[in-house]
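J.: Next up is a structure, given as structure tokens.
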Amino acid sequence: MTTMNFDDSPRGRQLQAFNRLLDIMDDLREKCPWDRKQTLESLRHLTIEETYELSDAIMKNDLQEIKKEIGDLMLHMVFYAKIGSELKAFDIADVLNGECEKLIFRHPHIYGAATANTEEEVKQNWERLKLKEGNKSVLGGVPSSLPALVKAMRIQEKARGAGFDWDDKSEVWKKVQEELNEFESEFNVKDTTLIDREKATAEFGDVLFSLINFARFIDINPEEALERTNLKFISRFQYIETEAAKNGKQLQDMSLEEMDYYWNKAKK
């Protein structure tokens, strides 16, 4: 490992830690059979997994786990940069300097003469500048592989940044009700075999998109909201399983009324 002198200030400690990680990455890439074998492609699915693990830790507000998962992701970023340097395409300095230049360019209200006094003005400036960078569409920066719920939110945010949005949340809620009414009147039928599945899927998508739009208007992250409900359901369902086991039963042996009783207990 290389030896460098850093002062004892917080920034000095941070630089020392980052330098240490770079040194360890060099060692692993040279000496470890597993690390030597990795490529940009082989790391991809592992990085996605680590990102979800960080997301889980954030949802649980587990600060120690968040620290750990940030470290795992930081390692991946350094790993990608190391491979990039071996391919003579870029190194970690190129990555960081490129990001710094992009941040400076996209914040002219901080580093230039532009003004932006609100978050909305910042977002609008951001989208205009991204178009100047070569994006052909405001929506071009939305990754195609994003989960659909997250993608819908990002699409709506970017459209808003370009000035394409509703004026008032009451208009958005009216659209939600309109989509719900259309869906109910056409697909809430007794004989489900008569439902046109393709059309129903499209209409249900419209319902979800409008609900996500309303959530955005009242500053609710729909992905986070749904995940919180997922976790709540898991907790309550597992409570029912635990209570059933205490009484020597399995869920399959319980009536719906019994399960509903324990569900209500779990809610309390």
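J.: Checking the conditions here, which among A225, A215, A200 is in a helix (DSSP H, G or I), in contact with a helix residue (DSSP H, G or I) (Cβ under 6 Å, 6 or more places away or on another chain) and closer than 23 Å to A159 by Cα? Working first, answer last.
T.: Values: A225 fails: in contact with a helix residue (DSSP H, G or I) (Cβ under 6 Å, 6 or more places away or on another chain); A200 fails: closer than 23 Å to A159 by Cα.
So the residue among A225, A215, A200 that is in a helix (DSSP H, G or I), in contact with a helix residue (DSSP H, G or I) (Cβ under 6 Å, 6 or more places away or on another chain) and closer than 23 Å to A159 by Cα is A215.
J.: Among the candidates D27, D35, D91, single out the residue that is touching a Gly at 6+ places or on another chain (Cβ under 7 Å), at negative phi and of a type outside the set (S, T, N, Q).
T.: One residue alone meets the criteria, D91.
J.: A follow-up question, please. So, in segment 125-174, how many residues would count as being within 14 Å of N213 (Cα to Cα) and part of a loop (DSSP other than H, G, I, E, B)?
T.: Here the count works out to 5.
Table: residues versus (1) modelled with pLDDT under 90; (2) aliphatic (A, V, I, L, M); (3) loosely packed, with under 10 Cβ neighbours inside 10 Å.
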position	(1), (2), (3)
V172	no, yes, no
Q177	no, no, no
E186	yes, no, no
I195	yes, yes, no
A202	no, yes, no
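J.: Still on this structure: Among (1) outside any helix (DSSP H, G or I); (2) under 27 Å from R228 (Cβ atoms); (3) of a type outside the set (A, V, I, L, M), which single condition is K88 missing?
T.: Among (1) outside any helix (DSSP H, G or I); (2) under 27 Å from R228 (Cβ atoms); (3) of a type outside the set (A, V, I, L, M), the lone unmet condition for K88 is (2).
J.: Can you find, within segment 228-268, the residue that is modelled with the highest pLDDT among those that are surrounded by 15 or more Cβ atoms within 10 Å (Cβ to Cβ) and small (G, A, S)?
T.: A266
J.: Given the criteria modelled with pLDDT under 90, touching a helix residue (DSSP H, G or I) at 6+ places or on another chain (Cβ under 6 Å) and among the charged types (D, E, K, R), does E127 qualify? Walk me through how you get there before you give the answer.
T.: Values: modelled with pLDDT under 90: yes; touching a helix residue (DSSP H, G or I) at 6+ places or on another chain (Cβ under 6 Å): yes; among the charged types (D, E, K, R): yes.
The answer is yes for E127.
J.: Ok, one more. Considering only segment 15-38, I want to know if a residue exists there that is part of a loop (DSSP other than H, G, I, E, B), more than 30 Å from A225 (Cα to Cα) and modelled with pLDDT of 95 or more.
T.: Kept after step one, since they are part of a loop (DSSP other than H, G, I, E, B), are these residues of segment 15-38: 32, 38.
Retained after the next criterion (residues that are more than 30 Å from A225 (Cα to Cα)): 32, 38.
Now narrow it down to the ones that are modelled with pLDDT of 95 or more: 32, 38.
Among the residues of segment 15-38, at least one is part of a loop (DSSP other than H, G, I, E, B), more than 30 Å from A225 (Cα to Cα) and modelled with pLDDT of 95 or more, which makes the answer yes.
J.: Between Q16, Q38, which is closer than 16 Å to I92 by Cα, surrounded by 14 or more Cβ atoms within 10 Å (Cβ to Cβ) and either touching a residue at least 12 places away in the same chain (Cβ under 8 Å) or not hydroxyl-bearing (S, T, Y) (or both)?
T.: Details: Q38 fails: closer than 16 Å to I92 by Cα.
None of the others qualify; the one that does is Q16.
The values are calculated or read from the model by the stated rules, or taken from the named source; none is laboratory data. Being a predicted model, the structure only gives us computed values, none of them experimental. Cβ atoms come from the backbone with ideal geometry, glycine included; neighbour counts cover every protein chain shown.
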